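Reviewing the structure listed below.
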Protein chains: 2
Amino acid sequence: MPKVPVKVVKWDEIVSWARRLAENIRSSGWSPDVVVAIARGGYVPARLLCDFLGVQDLLSVQVVHWPGAAQVAEKAYVKYGLSVDLSGKNVLVMDDIVDTGDSVVLAKEVVERCCRPKSVKTAALQVITSTTKFVPDYYAVEVRDWYWYQYPWTALEDMSSFIVRMLREEKQQLWTLDRLMEKFVEWYGNELLEERFLYFREALERLKRDGVLKPMDCGGQTCYKYGQ
Amino acid sequence: MPKVPVKVVKWDEIVSWARRLAENIRSSGWSPDVVVAIARGGYVPARLLCDFLGVQDLLSVQVVHWPGAAQVAEKAYVKYGLSVDLSGKNVLVMDDIVDTGDSVVLAKEVVERCCRPKSVKTAALQVITSTTKFVPDYYAVEVRDWYWYQYPWTALEDMSSFIVRMLREEKQQLWTLDRLMEKFVEWYGNELLEERFLYFREALERLKRDGVLKPMDCGGQTCYKYGQ
C-alpha cells in the first residue's frame, strides 16, 4: 500500500461525472440561470456543466485556503469576490471535490451577499462524505474512503507538491532519478507515475528551476541534491 | 467534402497545446501573476495554464456576441466585468480560439480599465490568422484554413446548433434517424458523428425537450417532425 493513496482521474471520467451531475440537476426540477465556478478547482467542471445544461452565464469567485498563524487549521477565505447583479436568477455554485465543505459554504455566502440572487444551490463532481461537514445540493460521485483524486488540471502542481513532501520527510540528501522514482511509487503508488510520467519529469524541472533540487554529478551519473 | 469543415479536438490535444502555450510564455521572459479567463471559452485553457505556470490567481470576465439590431454584424459586449484591485500585477487574458479578435480585445480593455494592472497580455490556444484582426501575444497553434474546432467543453451546444442549422436550411419536414445521420455527415463530416455520437443523441433529446423536433410515427418507425 502506498503511504498516500492516489486515484488518477481521467478526462473521460470528468466528462461522464459532469454529464451525470447535469442529469441530477435537471431531474430535480430546479435549473440554474448562472453558474459560479469556485476558482480554481471548479473551472473545468463549471464549464462542462454549462454545456450539458445549456447555461450561458458563467462567473467565478476565488476561495483559497491559508494555514492559520499557529498552523492550527487551514482557514478558507475569499480572495476574489463578486459584484454583479444576479437578481431574479437561480445560481449554481460549482466545485470539483468537496472534502471539508468550507470552500463551497463560503462561496455560497459570497453569492448570497453580493448579488441578490433568487436562489443559490451548490454542486460538485465528487463529495467525500466521511470528511465533509457540508453536503452540496448536487453531486455526481459519493466517495467514502479518502483518496487524493488527481484531476488533470492540477497534475503538475500536485506532482510537485508530492515530490517535495516526500523529499521533506525522507532523510536523504542525494537522489538518483531511479531512487526518486522508486521512492515515489512507495509513497504514491504505481498508477500516478505511469499515468502522469510527463508531469513527473516536468515537476523535476520546476523544482530545479526553483532551486529545490540541484543537479549534481554522483560518480558519473546525474543525481539531485535536496535542501541546503 | 462536408459543407462545414469540422475538426474534433481531443482532450490530449488541449493539454498539449496548453503545455506548449505555457512554454511560449515562460520563454518570453514575462510571467503572469493572474490569469483572467474569458467566459465561457477560456475557462478550461485558463485552468490548465495556471497549472503549467504555477499561477494561483484565477478570475474571469464574460464577453458575449450578440447580433446587432439589423443583423448587420455580430457585436461583442461585456456581460460580466471585473472590479478587483490588480495593481502591481501582470495579467494574462486567456481564450480558447481567436477568430476575429473582438473578445480578446474587449476583455483586455476591461482588465486595463477595471483593475490597475501592471501589464496585460493576451493568449489563446489557437489563432485563425486568416480571419482575425488581432493576434494575441501568445498562442500555441496557428490555424490558416478555417475549420470549426469542436472543443470538448462545447460539444453539446455545437451539436445542437449544427443540427438546427441543417434542419433550417434543408427543405424537409419529416426525418428518420437514419436520414438525419446521413444528412449530418454530408454537412459536417464523419469524424464529428463518430467521435461525438453520444452528444448527437443528447442533442436530439434536447431538441425534443425544447419542442424543436417532435417524435412521430411514420409507418411503424419513429421519425422526427421539424418546424410547426
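When the solvent-accessible area of the range A:114-228 is split by element, carbon and sulfur atoms take up 47 percent of it, the probe being 1.4 Å. When the Cα convex hull of the range A:152-226 is projected onto planes of every orientation, the mean area is 4.8 nm². Applying 1/(1 + (r/R0)^6) with r as the Cβ-Cβ distance of B:TRP30 and A:GLU23 and R0 = 45 angstrom yields a FRET efficiency of 0.55.
Which one, A:LEU125, A:TRP148, A:VAL111, is farthest towards the positive end of the dipole of the range A:72-182 when Lys and Arg carry +1 and Asp and Glu -1 on their Cβ? Positive-most Cα among the choices belongs to A:VAL111. Name the shape class, rounded, prolate or oblate, that the alpha-carbon gyration tensor gives for the range B:6-150, where a ≥ b ≥ c are the square roots of its eigenvalues, rounded holds for a/c under 1.5, and otherwise prolate holds if a/b is larger than b/c and oblate otherwise. Here the range B:6-150 falls in the oblate category.
What is the antiparallel percent of DSSP beta bridges lying wholly in the range B:70-191, to the nearest 5? Around 5 percent antiparallel, to the nearest 5.
To the nearest 20 debye, what is the magnitude of the charge dipole of chain B about its Cα centre, counting +1 on the Cβ of each Lys and Arg and -1 on the Cβ of each Asp and Glu? Kindly include the intermediate steps, with their values, before the conclusion.
Working: 30 positive and 31 negative charges, 93 e Å.
The dipole magnitude comes to about 440 debye.
Between B:GLN172, B:GLN56, B:GLN150, the Gaussian network model of chain B with springs among Cα atoms under 10 angstrom shows the greatest mean-square fluctuation at B:GLN172. Could you give the distance between the Cα centres of the range A:139-172 and the range B:82-113, to the whole Å? Value for the Cα centre distance between the two parts: 32 Å. Each copy carries a label point for B:ARG209 at 7 Å from Cα toward Cβ; from one copy, the others' points are 4.2 nm away, ordered from shortest. Out of A:PRO215, A:PRO152, A:PRO45, any idea which swings most in a Gaussian network model of chain A, alpha carbons joined below 10 Å? Judging by the Gaussian network model, the answer is A:PRO215. When Lys and Arg each count +1 and Asp and Glu each count -1, what net charge do the other residues less than 12 Å away from A:TYR199, Cβ to Cβ, add up to? After counting each charged neighbour, the total is -3. When A:GLU170 is represented by a point 7 angstrom out along its Cα-to-C-beta vector, the spacings to that point in the other copies are 6.0 nm, nearest first.
Would you mind checking A:LYS208/B:LYS7; A:LYS121/B:LYS79; A:LYS133/B:LYS208; A:LYS133/B:LYS79; A:LYS89/B:LYS108 for any pair whose Cα atoms are more than 31 angstrom apart?
Numbers: A:LYS208/B:LYS7 38 Å; A:LYS121/B:LYS79 22 Å; A:LYS133/B:LYS208 40 Å; A:LYS133/B:LYS79 35 Å; A:LYS89/B:LYS108 27 Å.
Too far apart for the 31 Å limit: A:LYS208/B:LYS7; A:LYS133/B:LYS208; A:LYS133/B:LYS79.
Expressed to the nearest 5 percent, the antiparallel share of DSSP beta bridges inside the range B:6-150 is 20 percent.
Under the classification rounded if a/c is under 1.5, otherwise prolate if a/b is larger than b/c and oblate if not, where does the protein assembly as shown fall, given a ≥ b ≥ c as square roots of the Cα gyration tensor eigenvalues? If you can, show how the numbers build up before the last one.
Details: a/c = 1.57, a/b = 1.57, b/c = 1.00.
It is prolate, given that a/c is not under 1.5 and a/b is the larger ratio.
Taking 7 Å steps out from each Cα toward its Cβ at A:ASP210 and B:THR100 produces label points 4.2 nm apart.
I'd like the antiparallel share, as a percent to the nearest 5, of DSSP beta bridges with both residues in the protein assembly as shown.
Percent antiparallel among DSSP bridges in the protein assembly as shown is about 40.
Chain B packed on chain A takes about 3700 Å² of accessible surface away from a 1.4 Å probe, both sides summed. For chain A, take the longest principal axis of its alpha carbons; what is the angle in degrees between that and the long axis of helix A:197-209, to the nearest 10 within 0 to 90? Roughly 70 degrees between the two axes.
Taking 4.7 Å between beta carbons as the limit, the unpaired Cys residues of chain A are A:CYS50.
Here the Gaussian network model covers chain A, with springs between Cα atoms less than 10 Å apart; of A:ASP95, A:ASP178, A:ASP51, A:ASP178 fluctuates the most.
Between copies, the label points of B:SER130, set 7 Å from Cα on the Cα→Cβ line, lie 5.6 nm apart, reported in increasing order to one decimal in nanometres. In this simple spin-label approximation, A:VAL164 and B:LEU198 carry label points 7 Å from Cα along the Cα→Cβ vector, and these lie 3.6 nm apart.
The values are calculated or read from the model by the stated rules, or taken from the named source; none is laboratory data. Just so it is clear, the model here is predicted, and its values are computed rather than measured. Cβ atoms come from the backbone with ideal geometry, glycine included; neighbour counts cover every protein chain shown. When the accessible area is computed, the model is the full protein with side chains, heavy atoms only, and any ligands, DNA or RNA have been set aside. Shrake-Rupley method; radii C 1.70, N 1.55, O 1.52, S 1.80 Å.
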